[in-house]
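Peer 1: Take a look at the following structure, please.
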Amino acid sequence: MHSLTVNGVFQVASQFNLLEFSSSEISPEHGVRHYAHYPTQGPACALACMAGTVYRNYLLHPDFFGATDAAAFTENADVADRGQQTDRQLNMLDELVDYLTRARSSGDATYATDAAYSTACSAPALPREHFFTIRNGYFFLKRQMASLPARLHRIAAVEGISMADVEEELASRLRIGLVEDATVTLPLHDPPVFRVREQRQLTDQAERKVVCRLDADVAAEVEVHEVTQTYNSALSLPPKDHCTPLEWIGIATLSRIILRGTYEATLLVGVQHTLRDLERQASLAVASSPATPPFSLPPIFLTKVGGGVFNNDKEWIASGIASAVHRVAALSVPLNVRLVHFRRMDEYYMRYFPSWPVLD
């Protein structure tokens with residue numbers, strides 16, 4: 001799809017370190033070549049824009065890890081300080097964990113018999129890995145996950161807000177990755193087969209680059225283009241029957257928050273991308289003839305984040321999409337949103353979104 005779509009937005013099923021490892025046993029030091037042997041959506045998107053993948057693995061600036069005290073971001077960093085390593089990785093849940101585990105007190109605590117659901121006006125600090133750990137981008141729950149709903153109730157009581165407000169605070173602290181104008185590198189290593197231009201969904205007068213294929217005996221001109229990618233993760237979960245009922249309730253609570261947040265963040269990227277593209281088309285229309293084609297909306301391709309081996313319930317995923325679409329619709333920016341399916345349509349999502357047309 002990357003090869004056929006210019007200027008689209010692609011949501012990538014990633015991990016919380018913005019890499020697409022096939023298991024939690026793989027670290028950044030293993031490199032990125034193994035992506036070619038893992039036929040799922042995340043690695044496929046990583047291979048489609050390989051330069052960006054290499055940057056996320058090997059070349060991230062140390063400022064991303066809080067490793068420098070510089071006031072401003074600078075590109076002048078030693079190569080040895082760049083990139084992710086086993087003991088130095090991004091974690092898109094860091095700020096969410098800060099909010100969840102920090103101490104709170106309003107000054108006049110009043111305790112009820114049940115401490116978990118009391119009206120206590122204090123909440124003690126918890127270890128950062130109290131509820132779960134993240135290893136190489138993957139989520140691993142702890143038994144204390146069963147007490148997560150109680151922690152959220154305690155936070156709401158201490159701060160004098162509703163549970164919905166607490167969930168909103170958590171969702172707002174989730175982070176995703178974003179790479180704009182990522183070069184689609186597939187044409188550089190695809191077989192030199194001429195594609196039919198009519199099959200490509202090109203936006204009007206899209207900017208394209210011509211580069212030389214380096215691995216050919218005779219240098220061949222190859223047309224490449226750019227897309228935008230967002231990197232999103234859900235919780236990587238064990239099967240439901242491996243958890244206690246209370247653990248699964250805690251998992252469901254956190255998973256729903258993260259899924260809603262990650263889809264909303266992606267659609268907000270889509271809003272910004274769409275507005276910029278419409279401005280570009282408008283400027284081209286002013287400078288061109290009256291026969292300029294009508295404006296087109298760049299496609300925003302969503303994937304089922306957390307589906308498959310990550311064991312997130314389909315209803316959690318679908319409701320996260322629906323909630324994000326509803327909330328972003330309030331901005332009154334038209335979006336061309338599409339939900340991508342692998343090999344065949346998933347009937348569950350067709351029933352959940354009956355008004356969404358089915359496209360080949």
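Taken together, the values in this text are just the output of simple stated rules run on the coordinates, not laboratory data. Keep in mind the model is a prediction, meaning the values are calculated, not measured. Cβ sites come from the backbone with ideal geometry, for glycine too, and all protein chains shown count toward neighbours.
Peer 1: Can you give the FRET efficiency to the nearest 0.05 for R104 and E29, using r as the Cβ-Cβ distance and R₀ = 41 Å? Kindly include the intermediate steps, with their values, before the conclusion.
Peer 2: Values: r = 39 Å, r/R0 = 0.95.
That gives a FRET efficiency of 0.60.
Peer 1: Another question, if that's okay. Within region 262-360, which chymotrypsin sites (Phe, Trp or Tyr not before Pro) sit in a loop by DSSP and count at most 16 neighbouring Cβ atoms inside 10 Å?
Peer 2: The qualifying sites are F295, F342.
Peer 1: Do any trypsin sites (Lys or Arg not before Pro) in region 257-330 lie in a DSSP loop with no more than 13 other beta carbon atoms within 10 Å, and if so, which?
Peer 2: Qualifying residues, ordered by number: none.
Peer 1: Okay, moving on. For a footprinting-style exposure proxy, rank H61, H34, H242 by other Cβ within 10 Å, fewest first.
Peer 2: Ranked by crowding around the Cβ, least crowded first: H242, H34, H61.
Peer 1: Something else now. Between D63 and A150, what length comes free when the chain is fully extended (0.36 nm per residue of separation minus the Cα-Cα distance, one decimal in nm)?
Peer 2: 27.8 nm
Peer 1: Would you list T303, T101, T53 from fewest to most Cβ contacts within 10 Å?
Peer 2: Placing the least packed residue first, the sequence is T101, T303, T53.
Peer 1: Residues of region 319-339 with the amide nitrogen closer than 16 Å to a label point 7 Å from the Cα of S355, along Cα-to-Cβ, please.
Peer 2: It comes to 319, 321-339, nothing else.
Peer 1: In nm, give the distance between the simple-model label positions of R338 and M163, each being 7 Å from the Cα along the Cα-to-Cβ direction.
Peer 2: Roughly 3.9 nm, to one decimal.
Peer 1: Given a Förster distance of 41 Å, report the FRET efficiency between L4 and R143 from their Cβ-Cβ distance, rounded to the nearest 0.05.
Peer 2: Values: r = 47 Å, r/R0 = 1.14.
That gives a FRET efficiency of 0.30.
Peer 1: Work out from phi, with θ = phi - 60° and the Karplus expression 6.51 cos²θ - 1.76 cosθ + 1.60, the ³J(HN,Hα) of each residue of region 54-65, listed in order in whole Hz, and give x for Gly and Pro.
Peer 2: 4, 4, 5, 7, 9, 10, 4, 5, x, 4, 5, 9
Peer 1: Moving to a separate point now. Among W248, W356, rank each residue by its count of other Cβ atoms within 10 Å, from fewest to most, as a rough exposure measure.
Peer 2: The order, fewest Cβ neighbours first, is W356, W248.
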